[in-house]
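Where a number appears in this text, it was derived from the coordinates with a stated rule and is not lab data. Since the model is a prediction, treat every value here as computed from it, not as a measurement. Neighbour counts are summed over all protein chains in view; Cβ atoms, including those assigned to glycine, are modelled from backbone coordinates with ideal geometry.
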């Protein structure tokens, strides 16, 4: 059984991501792990409460998480395990992944803003820092099944076979067709040799290629999502060094920040 971590801070976007994940888990037979990191607020620390009071504060947070997990489990009739942590968010999340053997992390995305595109947030940071697949769920997205997947990639640059296998397995498991979407300034049809790895990896699932000419990759992807009424977007974040990262905007991060459907980020 696959295990999916849903990270929550009880915000509207996190709550929506939980409902989306629970709906998918009920359909696919997944197990959810409800991850919550809670540290004592600066106000609590400034109050210089005794140790017993601080422990009671933490215990109350743990109990709330347990009750939340229990409610979701009863509503969707799925297994939901609470995982409470304190400390540094990404350190604790990575530890949760290692301890539970989770296959994916799901996080909510707040409504689109320019600040998120430029600076990012916890969810967009996770797209690059977490090595298991990360699903960013927009606050208005709801789970109604996944039938059409857009896999946005640079075919001419090449796609690693490990990524292709993941796309194949995801599509095969949920019964979706895959649109392999490529955007460049002019339409360039790759040679058969450049498509060989994709064709071999996609055997057994319905897929097709779509090439679009555009100088604005982000806008082209967003338009395609609307035209095709897609249910899921898959992208692979490229890793830049420190200096080059100052001049490169992550397309994966921008898409996550302004997307209308869930975005699944796959790493090598």
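Brief remarks follow.
- Normalised contact order of region 148-230, rounded percent, pairs of Cα under 8 Å and 6 or more residues apart: 39 percent
- Theoretical FRET efficiency, 1/(1+(r/R0)^6), r = Cβ-Cβ of residue 268 and residue 77, R0 25 Å, to 0.05: 0.10
- Estimated FRET transfer efficiency (residue 226, residue 57; beta-carbon r; R0 41 Å; 0.05): 0.35
- The spacing between region 140-157 and region 168-185, judged by their C-alpha centroids, is 6 Å.
- Spin-label model distance (nm) - residue 162 vs residue 189, 7 Å beyond Cα toward Cβ: 3.3 nm
- For residue 177 and residue 70, the FRET efficiency from 1/(1 + (r/R0)^6), where r spans their Cβ atoms and R0 equals 41 Å, is about 0.65.
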